[in-house]
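Below is one structure, written out as structure tokens; the observations come after it.
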Amino acid sequence: MDYQTVSDHYLLSFLIYNYGVKRYDDPLNSRDLIREENNGKVGIYCWVNNVNEKNYIGSGEPLYLRLSDYYQSWYPLPRLIYT
């Protein structure tokens with residue numbers, strides 16, 4: 001593990017412990033878990049594009065209702081992939 005990976009790990013651990021931050025490495029296959037953990041909550045989310053490392057930050061009230069848009073067939077998936 002390199003220094004950056006260790007640093008990222010400790011930062012993520014700190015955020016989870018102190019602020020309730022959740023991380024989903026495979027959101028397409030974690031939909032049920034995401035629904036269970038976020039249904040009825042207000043929150044901020046960040047999508048990370050693993051191809052170009054750009055971030056998209058959004059919010060939802062309720063959070064899961066907003067996140068569920070990304071799973072709908074009408075949602076412009078290419079925008080998520082290529083932006």
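In table form, for the structure just shown:
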read-out	value
Residue in segment 41-79 that is modelled with the lowest pLDDT, counting only those that are closer than 16 Å to Y24 by Cα and of a type in the set (A, V, I, L, M)	V48
Scan of segment 25-47 for residues that are surrounded by 12 or more Cβ atoms within 10 Å (Cβ to Cβ) and in contact with a strand residue (DSSP E or B) (Cβ under 9 Å, 6 or more places away or on another chain), ordered by number	P27, N38, K41, G43, Y45, W47
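The values are calculated or read from the model by the stated rules, or taken from the named source; none is laboratory data. Since this is a predicted model, take the numbers as computed values, not measurements. As a convention, Cβ positions derive from the backbone with ideal geometry for all residues, glycine included, and neighbour counts pool all protein chains shown.
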